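Undergrad: To start, I am sharing the structure in question, which I have written as structure tokens.
The values are calculated or read from the model by the stated rules, or taken from the named source; none is laboratory data. Predicted, not measured: the structure shown is a model, and the values here were computed from it. Cβ coordinates were reconstructed from backbone atoms using ideal geometry, including for glycine residues, and neighbour counts include every protein chain displayed. Please note that ligands, DNA and RNA were not included when accessible areas were found on the heavy atoms of the full protein model with its side chains. Shrake-Rupley method; radii C 1.70, N 1.55, O 1.52, S 1.80 Å.
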Amino acid sequence: MDSESGNFNSVFLSKLAISEEHGENSPYFDGWKAYDNDPFHLVKNPNGVIQMGLAENQLSFDLIEEWIKRNPKASICTTEGIKSFRNIANFQDYHGLPEFRSAIAKFMEKTRRGRVKFDTERVVMAGGATGANETLIFCLADPGDAFLVPSPYYPGFNRDLRWRTGVQLLPIPCYSSNNFKITTEAVKETYEKAQQSNIKVKGLILTNPSNPLGTTLDKDTLKNLLTFTNKHNIHLVCDEIYAATVFDSPEFVSIAEIINDEMDKMDECINKDLVHIVYSLSKDMGFPGFRVGIIYSFNNDVVSCARKMSSFSLVTTQTQHLLATMLSDDEFVDKFLVESSKRLRKRHKKFTTGLEEVGINCLKGNAGLYCWMDLRPLLKKPTFDSEMILWKLIINDVKLNVSPGSSFNCPEPGWFRVCFANIDDQTVEIALGRIQMLVENGAKNKQQWKRNNLRLSFSNRKYDENVMSSRMNMNMMSPHSPINIPKSPLVREEEEEEEYEIVVR
């Protein structure tokens, strides 16, 4: 269609339909598009883009597959489970299967090491964490209202929390000088600036464990932030979807634990009605395709409203039935949580050690499916423009999809999120090899990379021959990213006119 046709059509579409608030054109999603256009494959496309911008947990799928084979009755699509087909296929109560909600509550307790109990009646279903987050915001705020969010924060929040609800997100800048930790002082400063600008702040949103930092909040920080939000009569929303990805100390502390176990130790009375939790099985179990999102609120009115709104994004009863059986198997769940944590720790150590060997450091993390990688020494200048130039070089020439910090609203240039749990061991080695050549060879500009044959053609490199011949356990790599749309103009093969130098320390 030409521009005139496009303008003509826009007359008949809603403001939402033609808005750019989805965030699809950010570098975060552009990296996925680059991967879609040239996906890496060990055999079919060894010089393609390696997907390291997708936080998927694929390290323990074998445990789940083994369980499914041992429990054919859990599926209504097997000979053993067909007896349940009719009842499950006809069930449409938006409260959800009672056994499913009970299993979810029990699983949430296990991921918090049994230190807190969850009420089944407060478990509300939604279509993934995306649906849960949006539904909760619809319950808590009106268009134009604002939520405070520590930055850097998950880029998808712009879509999940803001796009259709019309609310604002106000970043609370956190800096590397104190390891990006959130402080009450920073929250207070951002809150007061909003007040001075006549912006109505409805709440504070925390991601714990953090995406993209891979760190957890301690008890004192959680108590201080809870006290602050209660004092100002605003909501505290805790996104805890990475609760079971903790692989090192300190242990994960849920806001539910603070409420249940610490209230009697606090000086002021805490209003639980202002506290809400978002959870899902996308990260802890590695089930993003099942679209299981959970809202758990201590506010009865929010529970009631969210349950009504969940009619628009329910979890299928077939999925509920399968997961109710799986998550009720205590022996399996206990084994899975221990083994998953062990494998994440091993992969995290392998990847960060490989980076350290070539002089690249990461923020010290203890959770998540990613590292917060410090590439500031590779910037020509300490600017976001230089960060984007480096990111394009990594995407187009090094052929790695890593996500630049600017897409996470990071206040400092040079930080990148790199995911390590969605690829197999062999691909990890190849990715580390590409990063090593990036650091060791450097580049005057993209043209020099091509002149020196540094476009990562691994087939004739001794390093790659060693990697390819090594014996490793191979898990399935995600063949597709969540979206499949044409390549963005931000990611292109054109030559950058500006010279680019990489400084090696």
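Undergrad: Over what distance in Å are the Cα centres of region 127-143 and region 7-83 separated?
TA: 21
Undergrad: How many angstrom lie between the C-alpha centres of region 91-108 and region 366-430?
TA: That distance is 39 Å.
Undergrad: Quick check: residue separation of SER197 and ILE18 times 0.36 nm, minus the Cα distance between them. What number comes out in nm?
TA: Extending this stretch completely gives an extra 61.7 nm.
Undergrad: Above 17 Å lies some portion of the pair distances; for region 308-402, what is it as a whole percent of all C-alpha pairs?
TA: Result: 70 percent of Cα pairs exceed 17 Å.
Undergrad: Let me cross-check ASP261: its accessible surface, 1.4 Å probe, with only protein heavy atoms counted, in Å² to the nearest 10?
TA: Looks like 60 Å² after rounding.
Undergrad: Cβ under 12 Å from GLY286's Cβ, GLY286 left aside: what net charge do those residues give with Lys, Arg +1 and Asp, Glu -1?
TA: Cβ neighbours under 12 Å give a net charge of -2.
Undergrad: Starting from the Kirkwood Rh over alpha-carbon pairs, what translational D in µm² s⁻¹ does region 392-435 have by Stokes-Einstein at 37 °C and 0.692 mPa s?
TA: 286
Undergrad: A follow-up question, please. Which pairs in the list LYS106/LYS346; LYS117/LYS283; LYS231/LYS283 are over 29 Å apart, alpha-carbon to alpha-carbon?
TA: Over 29 Å Cα-Cα: LYS231/LYS283.
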